[in-house]
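Comments concern the structure below.
Every number here is computed from the coordinates shown, using simple stated rules; none is lab data. Because the structure is predicted, anything quoted here is derived from the model rather than measured. Methodologically, a virtual Cβ is constructed for each residue, glycine included, from the backbone with ideal geometry; neighbour enumeration extends over all protein chains shown.
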Amino acid sequence: MPMSTMPFVYEETVTYRQVTDCSPLIRRVVADNASAFTYHGTGTYIIGRGEVAVVDAGPADPKHIDAILKALDGETVTHQLVTHTHMDHSPGAALLKQATGAQTWAFGPHGSGRPEPGIVVEEGADHDFAPDHEIRHGDVIEGAGWSAEAVFTPGHTSNHICFCLREENALFSGDHVMGWSTTVVSPPDGDMAAYMKSLHLLLSRDDRVYYPTHGPAITDPETHVRALIDHRRARETQIMAQIDAGTRTIADMVEVMYADVHPRLHPAARRSVLAHLIHMTEAGRVVTDGPPEETSVYRLP
Ligand SMILES: [Zn+2]
């Protein structure tokens, strides 16, 4: 179930643990871990032919790793690219490395993109992952017949990186831009200001197509990203209106703003509203006593 009603939610049918051809250089295998946050499940991408890279081996699910290996019957995995450290993305990398020896390229461990890096204890985060190769914005990783440029896109997590397959002008957008819903931005590692900046960064690029981890390919990237920016701006306007009308706590705001979303998603929605309020407090548009928290009382300045 999406966190919001978006104009561009695409439907797709998925066959689990089967390989699908996406383009001449890109294949996808979807893990059987569908949930309210993963849509149909984690889409693991395979780049290249013969000697390949794997993008986000996914959850630590041996059956999913087997499905990837089966898809690669006779081919060699030379690289693993990891977009970020959430449990549905990075833990499978260790299993795939055991099976193939393929090393990992990523920004760094969970929380490493924060201004003061440190362990950020969060549900859903993979604290065991540490890449073999730490990469930065603009770095290019080269394999047999393919090359991937790192596009640093913090916000969803502080260490989120997208990868652009330069031969096809195709961006693996991870969870930064998804094909079925808006992403979750949950503090403290999630950062709304960084997320908005990372959306604008994508607008300055000319990628032809996005392959997100969750949901189908996005073939109209610019329209899609602009809609995501508008959606977040609309949320901020909504929050301002709520405070103005006397609704001053996050729990109360979510009851109204997410009335059409299942209550089991309300805890995530509260984190998202908190992310907005941290951003709005920093900008001076909203004030509260002390640091902005989920339990704080907010008012207009
Ligand atoms: Zn994620």
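Determine, for each peptide in 135-144, 42-51, 158-167, the mean count of other beta carbons within 10 angstrom over its residues, then list the peptides with the highest first. Walk me through the numbers before you get to the answer.
Working: 135-144: 14.0, 42-51: 21.4, 158-167: 23.9.
Ranked from most to least packed, the peptides come out as 158-167, 42-51, 135-144.
Cα to Cα, under 16 Å, and not fewer than 8 places away if on the same chain: which aspartates and glutamates meet these conditions relative to residue 70?
Those aspartates and glutamates meeting the cut-off are 21, 32, 51, 61.
How much of the DSSP beta bridge set in the chain is antiparallel, as a percent to the nearest 5?
Numbers: 29 of 43 bridges.
Rounded to the nearest five, the antiparallel share is 65 percent.
Dipole magnitude of the chain about its Cα centre, charges +1 at Lys/Arg Cβ and -1 at Asp/Glu Cβ only, in debye to the nearest 20?
380
Could you state the number of Å between the C-alpha centres of region 225-243 and region 94-154?
Region 94-154 and region 225-243 have Cα centres separated by 31 Å.
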